[in-house]
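Please read the structure below before turning to the comments.
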Number of protein chains: 2
Amino acid sequence: MLNFNYSIPTEIFFGQDQIKVLAAQIRKYGSRVLLVYGGGSIKKAGLYAETTAILEANNLPFRELSGVDPNPRIASVRRGIEVCRQENLDFILAIGGGSVIDCAKMVAAGFYYGSDPWDLVRGSARVKKALPVGTILTLAATGSEMDPIAVISNPETQEKIGVGHPSMAPKFSILDPTYTFTVPPSQTAAGTADIMSHVFESYFSKTRSAFLQSRLAEAILKTCIHYGPLALAKPDNYEARANLMWASSLAINGLLSYGKERKWSVHAIEHELSAFYDITHGVGLAILTPHWMEYILSPTTVDAFREYGVNVWNLDPKADPFATARAAIAQTRAFFVSLGLPTTLREVGVPEDKLRMMAERATKSSTLGEFRPIDTEDVRQILKASL
Amino acid sequence: MLNFNYSIPTEIFFGQDQIKVLAAQIRKYGSRVLLVYGGGSIKKAGLYAETTAILEANNLPFRELSGVDPNPRIASVRRGIEVCRQENLDFILAIGGGSVIDCAKMVAAGFYYGSDPWDLVRGSARVKKALPVGTILTLAATGSEMDPIAVISNPETQEKIGVGHPSMAPKFSILDPTYTFTVPPSQTAAGTADIMSHVFESYFSKTRSAFLQSRLAEAILKTCIHYGPLALAKPDNYEARANLMWASSLAINGLLSYGKERKWSVHAIEHELSAFYDITHGVGLAILTPHWMEYILSPTTVDAFREYGVNVWNLDPKADPFATARAAIAQTRAFFVSLGLPTTLREVGVPEDKLRMMAERATKSSTLGEFRPIDTEDVRQILKASL
């Protein structure tokens, strides 16, 4: 196990009707609120009305940043910063999934930066502090509700980049599983794949001595495998939505990766797909993941895949390691198929022509991953196999 | 899954040489330190010399509260409070295992209470705030390094009681597995049993819908089962000590119990044993646990024990549920035996004569546990079976 510094300061208010804590929580950090959300879904679900009523009843004035897109754009961030400065706002409340939360975090960090916030995203300037952020989560997927990271897209440069700083971690997040009852099946499926991909990124690691973290990772994978189909079959299954929601937060808040090398691979490839074709993040991950697994399966990595097959898919521990590893990968693919997720890039409108360029961009600063580092040509092969 | 509020603010500095952060961490919270420790083991191991050298080099004046016993006593707490007040101290640094840390937390809380701190322990007065506490952990067992609870004994009244408040959670804990290399085999074994007992207390629950939490619990049990014997066989096995150390913190910091009913049983019985006979906490737990399991095994509880057997001990999922449950309990007992732990109360000097009185005291305010509530007579039967 590698050395690590553990700090997960976000407070979580989990369960039905936890929105009751909202006003008191906001007051701990500020009094003038920027409300960040996406499209009309929170209005249809009544959550917008409920939230604004609470803010009004508690004399918490607010302004709005709406229309935040999936793969949130730097233009939204710029708008949000402007509103905060003009209106002298001191707290940011995100209502939505990972895109909305990421946008809110970046507004919070950009508020204290004197120039264009894209500098902070691409790393030519550093985040130093951020306005306090709170979230009301409506989609179990990215884990952004409990981590200090934002992923922001720039359509002009066709870039999608993650940036993080301790000050960007939400002060609190309200996780009410009933808010995810109305999530459509395609998003429930993509969210489940996203959670599992976060787990895979740290589960498959060279650091084999972090035994406890690997077992915790398996716990979250089993939860996704158990409840993903149940949430699809019955969207208002509270137990399924609750377990998926909590799994989404724990998959990426640090619990699984502390003590291990931290260098991701599939996410970096997917970021290029989303940057060029604006596809749903979890869908891209679901398409790429089995191909990445197949591509990196080797005598060096086979034990980890065998362990995955035995511990997560209940495969025979006495069978041939390579057979077990391949069966585990096949189960992974079959599971994504069972959730109704696309299995090829062509299905989501990605043609062959830019694969090399995407591979080059994904690997422009270094190889990807630490479990089995992959270079430009490896990424191109994985993308090609995913067509 | 039940509603819960998650807040685990303690920062953890995990791994070899993390003591390098000590001075900077203390400075965040205070400048005049009460150093709390037990006997000579930290002096023998060089940790006392290392710590005091750091304090001196950083101009952090300190006073000492030494000689804190296992099952720490209210008398030590009173002494610590007195020193803090006389010497105008503003930070408490515990170096040791759970007993030392619990004592430090209670000094921290008692500092702000105008009368006898035993009032706070027995609940006739409430903790409102506490001095900041930091810890350097030397034993993987109680999890006190990452939770807000202290268990304090009063030999005069033969009571051992737990008390907690958010302000009592350590601000930071330094977890360097090498500090546990010198822990003697009997304490390593007792610590492992203590960790497992913490897991059992929340794992066996009526709240069956907290699937994720149950899988996380199994991850920690598997870690104890894998590494307990390795740490005994080779006390300086870093990987084993590291996994056990991190397991001890995660077993009781809330991660496994959030979203479940929280009402413990075996710990409450053991507290009576320790209060009367001052036996090692983890040893008492190891003796009682298999008998408690056998006693509560019934058609209502069999599924949970079967699941435990299948998921933790790799027993056959297709076998008869009762047979699997009994086999799982037998494996638990055999595991404790393999660690060299006593299996009967007589071995640790507990005679038959006070069983009824202890059972009455353990249940004086209510039945114990929520998975299968047990009353006075149940406790007496479990104690009798454990003789």
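What follows is calculated from the coordinates using simple rules that are stated; it is not laboratory data. As the structure is a computational prediction, the values presented were derived from the model and not from experiment. Heads up, the Cβs are rebuilt from the backbone with ideal geometry, glycines too, and the neighbour counts pull from every protein chain shown.
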Original post:
Gaussian network model of chain A, Cα springs within a sub-10 Å range: biggest mean-square fluctuation belongs to which of A:Thr157, A:Thr223, A:Thr52?
Top reply: A:Thr157
**OP:** Take segment A:11-179, compute every pairwise Cα distance, and split them into 10 Å bins from 0; I just need the percent in each bin.
**Re:** 11, 45, 35, 9, 0
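Looking at segment B:183-385, what % of the alpha carbon pairs are farther apart than 25 Å?
When every Cα pair of segment B:183-385 is considered, 34 percent fall beyond 25 Å.
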**OP:** Using only alpha carbon positions, build the gyration tensor of segment A:1-44, then give the equivalent ellipsoid semi-axes as the square roots of 5 times its eigenvalues, largest first, whole angstrom.
**Re:** 28, 16, 14
Subject >> Using a 7 Å Cα-to-Cβ projection, A:Ser338 label spacings across copies, nm, ascending >> reply: 3.2
Original post:
Considering only the protein assembly as shown, what is the antiparallel percent among its DSSP beta bridges, to the nearest 5?
Top reply: 30
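Just to be sure I understand the rule: take each whole DSSP H helix in chain A, project its Cα atoms onto its long axis, keep it if the span is 24 Å or more and its mean Kyte-Doolittle hydropathy is at least 0.0. Which ones pass?
A:211-233, A:321-338
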Original post:
In whole angstrom, and with the biggest value first, how far do the Cα coordinates of segment A:189-283 range along each principal axis?
Top reply: 39, 36, 16
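Evaluate the charge dipole of segment B:253-381 about its Cα centre and quote only its size in Debye, nearest 20, assuming +1 on the Cβ of each Lys and Arg and -1 on the Cβ of each Asp and Glu.
140
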Original post:
Say a label goes 7 Å from Cα toward Cβ at A:Arg78 in every copy; what distances in nm does this one have to the rest, shortest first?
Top reply: 7.0
**OP:** Beyond 32 Å, what share of the Cα-Cα pairs of chain B is found? Please give it as a whole percent.
**Re:** 31
Original post:
Taking K and R as +1 and D and E as -1, what net charge do the other residues with C-beta under 14 Å from the C-beta of A:Pro132 add up to?
Top reply: +4
**OP:** For segment B:225-280, count the residues as N, evaluate 2.2 N^0.38 Å, and divide the Cα radius of gyration by that value, please.
**Re:** 1.48
**OP:** For segment B:134-141, take each phi angle, set θ = phi - 60°, evaluate the Karplus expression 6.51 cos²θ - 1.76 cosθ + 1.60, and give the result in whole Hz per residue in order, putting x for glycine and proline.
**Re:** x, 9, 10, 7, 10, 8, 8, 6
Original post:
Can you list the residues of segment A:103-122 with backbone N under 20 Å from a point 7 Å past the Cα of A:Arg32, pointing along Cα to Cβ?
Top reply: A:104-115
Subject >> Of B:Lys129/B:Lys160; A:Lys171/A:Lys206; A:Lys222/B:Lys128; A:Lys44/A:Lys171; A:Lys43/A:Lys260; B:Lys44/B:Lys160, those spanning more than 31 Å from alpha-carbon to alpha-carbon >> reply: A:Lys171/A:Lys206; A:Lys222/B:Lys128; A:Lys43/A:Lys260
Original post:
So, in nm, how far is label A:Thr182 from label B:Ser124 when the simple model puts each one 7 Å beyond its Cα toward the Cβ?
Top reply: 5.5
**OP:** Give, as a single signed number, the net charge of other residues whose beta carbon lies under 14 Å from the beta carbon of B:Pro321, with Lys and Arg counted +1 and Asp and Glu -1.
**Re:** -1
Subject >> Label spacing, shortest first and in nm, from A:Arg262 to its equivalents in the remaining copies (7 angstrom along Cα→Cβ) >> reply: 2.8
Original post:
Which three lengths, in whole Å and largest first, does the protein assembly as shown cover when its Cα atoms are put on their principal axes?
Top reply: 82, 61, 49
Original post:
What list of whole percents do you get for P(r) of segment B:313-387, with Cα-Cα distances grouped in 10 Å bins up to the one holding the largest distance?
Top reply: 17, 33, 36, 13, 1
**OP:** Could you tell me which GluC sites (Glu not before Pro) in segment A:192-286 are loop residues by DSSP with no more than 16 other beta carbons within 10 angstrom of their beta carbon?
**Re:** A:Glu261
**OP:** Please give the average number of partner chain Cβ atoms lying within 10 Å of the Cβ of each residue in B:4-17, rounded to a whole number.
**Re:** 6
**OP:** Starting from the Cα of B:Val337, move 7 Å in the Cα-to-Cβ direction to define the label point; list residues of segment B:360-387 whose amide nitrogen is under 16 Å from there.
**Re:** B:386-387
**OP:** Report Rg(Cα)/(2.2 N^0.38 Å) for segment B:257-365, keeping two decimals.
**Re:** 1.17
